[in-house]
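The values are calculated or read from the model by the stated rules, or taken from the named source; none is laboratory data. Worth saying up front: this structure is predicted, and the values here are computed from it rather than measured. With ideal geometry, Cβ positions are generated from the backbone for all residues, glycine too; neighbour counts draw on all protein chains shown. We work out accessible area using only protein heavy atoms, side chains counted, and drop any ligands, DNA or RNA first. Shrake-Rupley method; radii C 1.70, N 1.55, O 1.52, S 1.80 Å.
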Amino acid sequence: MKKISIIGAGTMGNGIAQVFAMNNYHVNLIDLNSTSLTNAVNRITTNLDRMIKRDVISSDQKTATLDNISTSTDINNAKSSDLVIEAVTENIKVKMKIFTQLDEICSSETILATNTSSISITEIAASTKREDRVIGMHFMNPVPIMKLVEVVSTSKTSSNTKNIIIDIAKSMNKIP
């Protein structure tokens, strides 16, 4: 899995995008608001500059990370993703609408994840035709620093989906 889309460019979304991009995943950061996307890329750039000053990464790593991120205001650009992570406002209706759209847009093989910490993933999954491929992937804030990722399965999430998400988290030096 190398093509990742993140829906929502706020604090959590841009942090998730940064971590994936730093670990050589191609990230498509999607938000309805183009200003939010600009702000997200600026925040990621600032974070990377801070890491350069602390000798955590090189300027080449910064360039590679930024090259791994593309932005879009069109959810249809998630179509070719292997994994889509939703990180929008904590509103069940908004999340279910997004998951319904993603279910129609994306390949049946695409895993759909939510970064929610408080909304039922079972309810979100029920808005799709792929409940076995829906999972919670809750990152802790600030995402680039915090090591834990809460992986939340539903009774219908397949063990394969759960194992893939655990492996992805580990590939980014996170602790699932």
Residue 72 being under 23 Å from residue 1 (Cβ atoms), small (Gly, Ala, Ser) and open to solvent by 20 Å² or more (accessible area, probe 1.4 Å): no
When you look at residue 55, is it open to solvent by 70 Å² or more (accessible area, probe 1.4 Å), in a loop (DSSP other than H, G, I, E, B), at pLDDT 95 or above and more than 14 Å from residue 78 (Cβ to Cβ), yes or no? yes
Say we look at segment 89-138 and pick out the residues that are in a loop (DSSP other than H, G, I, E, B) and aliphatic (A, V, I, L, M); which of these is most open to solvent (accessible area, probe 1.4 Å)? 126
